Each structure stands twice: as C-alpha cells, then as structure tokens.
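The values are calculated or read from the model by the stated rules, or taken from the named source; none is laboratory data. Note that the coordinates shown come from a computational prediction; the quantities given were computed from them, not determined experimentally. FYI the Cβ positions are ideal-geometry reconstructions off the backbone, even for glycines, and counts take in every protein chain you see.
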Amino acid sequence: MGWKQVSGKKGNLRRGGRHLRREIAVIEQLESRRLLSADMWTGLGDGTTWSNAANWQNGVPQTGDDVTINTSGSTTINFTSAAGNVTLDSLTSNTPLTLSGGSLTITGSVASTVSANFSMTGGALSVTGSGGFTESGSGTISNANLAASGGGILALSGITGLINVNLTAGTTGSGASTGQILFPAMTTYASSANTIQANGSGSKIDLSA
C-alpha cells in the first residue's frame, strides 16, 4: 500500500496587513499491487505439494511468475486440483512433476523445461506462448488435456504412452493461431472417444514413433 501527492491547492491568508500564500497537498491512497516476479521452490512445507505456500520462496506462484524448481534427490512435486488454474510466464524444473488435476498454462516467450520425469493422471497442460514447453524425462499421460497455440510447441520427448488424452494444436476463428504437440518417443496410444485436432496449416500433432 502506498501514497502519492496528486495535486495541490493554493489559498490566501491575511496576517498583519499582508497576504500570505499557502499550498495544501491532496494525498491519494494507492491500491496494493503484487508485481510479477520470480518464485522458487524451497520445499520447506510438506516438501511435495505445489499448492502448499510454505514450499515456495514467495508463496504459491501467481499469474505471470517465472518459476524455478531446483532440488536434489528424487522428490516428486504433485500438482493437484487444489492448485486450481495456474498461468505462468515460464517454468524450469530439474525435479519430477506430476499433474493429477487443475490446469497449468505457460504463456511466455522464454523456453520452459522439465528435465526430469513428467506424468499426468488428470488435469490440463497448455502452451500459449512462443517459448514452448519441453520435457526430457520419462512418463505417461492419462485422462488429461494437452493444448498448444500462439505459436507454442509442446514437446514431450520422454512420454511413451497416452491413455484417454485430448490433444488440440492451434486455434480457429478470431485470433486464430498455430501450435504443435510432439511425442518423439511415443509407443502406445489408447483412446476412448478422445479428440485429436490440429487447426491451421502450421499446426501439428506428431505421434510418429
């Protein structure tokens, strides 16, 4: 919370036959604001849950934050439905990450990477910025939604299996954009009436392996 002087008012005083001038400052209270910032995992809470504020240097990451997770050992961070809908500028992690609910959206122009095992058993992962998202560990994805737009590329290099996953690359209509979802290590795909859709000539979903 802060204050600033926004204007001044001048008036006249009469003292001993002389006119004196005075200026009265008008002060306006400013609203409280949280600047977009970096946030880093500390694990000082329960050590595993994304939505636990005590696990973060600056509390649970907020919209537009650049997030870094850098831990030793084999701890897996759990992104559950309690995390809600999270929108980040970027995410860099050397720690295993599992999404089981909620949604995680990456919007920035800086590359996001998870250089450890990555899996999903629910929830949604979206890339809407040119920075993209790359995963280079190993894992499977089931009962989830994946999307890429805004020129973004979702490259899941270590994912070997998909089960009941909706894949959407690019958008249509007003503000249409392209996107790519890539699975270079894919070996199995099982679907129960799921959607695989690439919109626009520059969009691609690659299950080539």
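What about Asn55, is it of a type outside the set (Gly, Ala, Ser), farther than 25 Å from Thr168 by Cβ and without any contact (Cβ under 8 Å) to a residue 60 or more places away in the chain?
So Asn55 fits the description; yes.
With the requirement that a residue be closer than 17 Å to Thr178 by Cα and either among the charged types (D, E, K, R) or touching a strand residue (DSSP E or B) at 6+ places or on another chain (Cβ under 6 Å) (or both), what does region 108-127 give you?
Those that are closer than 17 Å to Thr178 by Cα and either among the charged types (D, E, K, R) or touching a strand residue (DSSP E or B) at 6+ places or on another chain (Cβ under 6 Å) (or both): Gly108, Leu125, Ser126, Val127.
Has region 178-193 got at least one residue that is aliphatic (A, V, I, L, M), at pLDDT 90 or above and touching a Ser or Thr at 6+ places or on another chain (Cβ under 6 Å)?
Within region 178-193, one or more residues are aliphatic (A, V, I, L, M), at pLDDT 90 or above and touching a Ser or Thr at 6+ places or on another chain (Cβ under 6 Å).
Hey, among the residues in region 76-87 that are assigned to a loop (DSSP other than H, G, I, E, B) and over 12 Å from the mean Cα position of the chain (by Cα), which one's farthest from Phe118 (Cα to Cα)?
Among residues in region 76-87 that are assigned to a loop (DSSP other than H, G, I, E, B) and over 12 Å from the mean Cα position of the chain (by Cα), the one farthest from Phe118 (Cα to Cα) is Thr80.
One line per residue, one yes/no per condition, for (1) under 28 Å from Val165 (Cβ atoms); (2) among the polar types (S, T, N, Q); (3) outside any loop (DSSP other than H, G, I, E, B):
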residue	(1), (2), (3)
Ser51	yes, yes, no
Pro61	yes, no, no
Ser74	yes, yes, no
Thr92	yes, yes, yes
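Would you pick out the residues in region 103-117 that are within 7 Å of Gly131 (Cα to Cα) and buried (at least 19 other Cβ atoms within 10 Å of the Cβ)?
Gly108, Ser112
Search region 112-130 for residues being part of a loop (DSSP other than H, G, I, E, B) and under 12 Å from the mean Cα position of the chain (by Cα), and hand back the single one that is nearest to Val165 (Cα to Cα).
Ranking the candidates gives Thr128 first.
Could you say which residue among Ile141, Ile106 is within 15 Å of Leu154 (Cα to Cα), among the hydrophobic types (A, V, I, L, M, F, W, C) and more than 17 Å from the chain's Cα centre (by Cα)?
Within the list Ile141, Ile106, the selection yields Ile141.
Can you tell me which residue in region 58-74 is farthest from Ser109 (Cα to Cα), limited to those that are surrounded by 14 or more Cβ atoms within 10 Å (Cβ to Cβ) and out of contact with any Asp or Glu (no Cβ under 6 Å at 6 or more places or on another chain)?
Only one residue tops the list, namely Thr71.
Looking at Gly84, Gly132, Gly102, Gly64 in this structure, which one is more than 14 Å from Thr48 (Cβ to Cβ) and in contact with a helix residue (DSSP H, G or I) (Cβ under 8 Å, 6 or more places away or on another chain)?
Checking each option against the conditions leaves just Gly102.
Assigned to a loop (DSSP other than H, G, I, E, B), in contact (Cβ under 8 Å) with a residue 12 or more places away in the chain and under 11 Å from the mean Cα position of the chain (by Cα), is that true of Gly101?
no
Which of the strands (runs of 3 or more DSSP E) contained wholly in region 150-209 include at least 1 residues that are under 24 Å from the mean Cα position of the chain (by Cα), surrounded by 15 or more Cβ atoms within 10 Å (Cβ to Cβ) and charged (D, E, K, R)?
Once the strands (runs of 3 or more DSSP E) in region 150-209 are filtered for at least 1 residues that are under 24 Å from the mean Cα position of the chain (by Cα), surrounded by 15 or more Cβ atoms within 10 Å (Cβ to Cβ) and charged (D, E, K, R), what remains is 204-206.
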